[in-house]
1. Just to verify a result, which residue in the stretch 181-226, among those that are in contact with a helix residue (DSSP H, G or I) (Cβ under 8 Å, 6 or more places away or on another chain) and charged (D, E, K, R), is surrounded by the fewest Cβ atoms within 10 Å (Cβ to Cβ)?
2. Suppose we filter Leu184, Leu129, Leu148 for residues that are in contact with a Leu (Cβ under 7 Å, 6 or more places away or on another chain) and modelled with pLDDT under 95; which single one remains?
3. Are there any pairs with C-beta distances below 7 angstrom linking a residue in the stretch 107-128 that is closer than 18 Å to Ser189 by Cα to a residue that is part of a loop (DSSP other than H, G, I, E, B) and open to solvent by 30 Å² or more (accessible area, probe 1.4 Å), with the two at least 6 apart or on different chains, and if so which?
4. Report whether or not Glu269 is assigned to a helix (DSSP H, G or I), in contact with a strand residue (DSSP E or B) (Cβ under 9 Å, 6 or more places away or on another chain), over 24 Å from Val69 (Cβ atoms) and among the charged types (D, E, K, R).
5. Taking the stretch 248-268 as the region of interest, how many residues are more than 22 Å from the chain's Cα centre (by Cα) and either surrounded by 18 or more Cβ atoms within 10 Å (Cβ to Cβ) or aromatic (Phe, Trp, Tyr) (or both)?
6. Can you tell me which condition Glu279 does not meet? The list is (1) surrounded by fewer than 21 Cβ atoms within 10 Å (Cβ to Cβ); (2) at pLDDT 95 or above; (3) closer than 30 Å to Asp47 by Cβ, and all the others hold.
7. I need every pair where a residue in the stretch 20-42 that is part of a helix (DSSP H, G or I) has its Cβ under 8 Å from the Cβ of a residue that is open to solvent by 60 Å² or more (accessible area, probe 1.4 Å), sequence separation at least 6 or different chains.
8. Return the residue satisfying two criteria in turn: it lies in the stretch 341-364 and is open to solvent by 60 Å² or more (accessible area, probe 1.4 Å) and either polar (S, T, N, Q) or modelled with pLDDT under 90 (or both), and of such residues it is farthest from Pro291 (Cα to Cα).
Amino acid sequence: MDIEDRIKRRQQHDGEPRLVQDYEPLSPVTHIDEPADRGPLLERLLDHLDPVFDGKLPANAYLYGPSGVGKSAVVTALFRQLDQLPTETRTIIHTTTRAQSLASPSFVYLDTRQTTSEFAFYHAVLDALVKETVPEHGIGTDTLRARLHEELDGSRTGVVVAVDHVNEPRSASDSDLVDLFAGLPSNVSWLAIGRGRPSETELSEYTAESIRVDPYKQQMLVDVLMTRASIGLSQQAIDHDLANDIAAWADGNAHDALAALFIATHYAEHAGKSSLTGEDIAAAFKEIPRPCVSLGIVLALPANRQAVLRELVDLEAEDRSSVTATTAAIGGAENVDLSPGTVKRFLYEMAEAGVVERVQATTQGGQGRPPSRVEPRFPPTVFRRLYDLG
């Protein structure tokens, strides 16, 4: 948040104590312009991308690490800044008598949670490079790819494409991505971003470098929490000890730490408090499943799946006692225009993807397989608020 934003926030203050200034900076799916305590990672990425400062393309690379370590936050912030370079044509001295105008490659960030098809992939790359809007209908994939080649052939120094969240259940497979990369013009290099080790992905066979991202150390995670709180909460809304408790519990995972901060803030606000307490933090810990599915995955689901989940998180325990009961309760909801069969299929699909879990009930005696209740594998409070705001 810059100085102007901070001044506006103060101007909007109505004189009454207010805990929450803005929930967005507290969200686990929000990436701020200056990620906290990831300087060494930024330097490693800049070392890899160093050729762009001489107007050249870097080699392909693979950035990897577990969930919640800041991979997406750092890459999106870095690419946002680097993409400003092509507009700043620089002159370098080539000899004592000649100068050469130097332009840097363009930078494009793609999220495979959103670009799940060949058409969507090439459309997203082209749309990021041209000023006019690329149509989403009435145009074929081959035409898109041909236009992309036409746009880049001989007219640019090249493009670096970051492809995030590879190897996730609903994302393109490794082999599909290899084919997609092969369809790009020759003056395009890519940076794939995923959780699996290089030995676990086919993509590493096409990269010159693999860059590992380790989990946050506890003090680093405290800094992340305090940075976000300084933007989204009132002054002194959370003390260092409580932030340290969250960081210790989250064990290096910024997504889970921010989810806990978000939920604790929600509870404190609804209780009319002016600051967070240990009670709010403890309640947040109870709500977050371990392991927790990234809310980015949940919010990238198709709208009809999200609508089913929105009803699910508001159901009473008895309505989640079995898949059949859950299906009936969601299918009868006013905001879900889906047949019971479709609702049940969606629940099974999302259970397979790990977004929800079917927990088998324990029964005493009786015949047959006991029913399984449906539990979300993400924090309901955060999803509920982000969904309603979206």
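The values are calculated or read from the model by the stated rules, or taken from the named source; none is laboratory data. As the structure is a prediction and not an experimental result, all values here were calculated from the model. Here the Cβ is made from the backbone with ideal geometry for all residues, glycine too, and neighbour counts use every protein chain on show. Ligands, DNA and RNA are excluded from the accessible area calculation, which covers all protein heavy atoms including side chains. Shrake-Rupley method; radii C 1.70, N 1.55, O 1.52, S 1.80 Å.
1. Result: Glu202.
2. Leu148
3. Close Cβ pairs satisfying both conditions: Phe107/Asp83; His123/Glu136.
4. Answer is yes for this residue.
5. Of the residues in the stretch 248-268, 2 are more than 22 Å from the chain's Cα centre (by Cα) and either surrounded by 18 or more Cβ atoms within 10 Å (Cβ to Cβ) or aromatic (Phe, Trp, Tyr) (or both).
6. Among (1) surrounded by fewer than 21 Cβ atoms within 10 Å (Cβ to Cβ); (2) at pLDDT 95 or above; (3) closer than 30 Å to Asp47 by Cβ, the lone unmet condition for Glu279 is (3).
7. Pro25/Met1
8. Among those that are open to solvent by 60 Å² or more (accessible area, probe 1.4 Å) and either polar (S, T, N, Q) or modelled with pLDDT under 90 (or both), it is Gln364.
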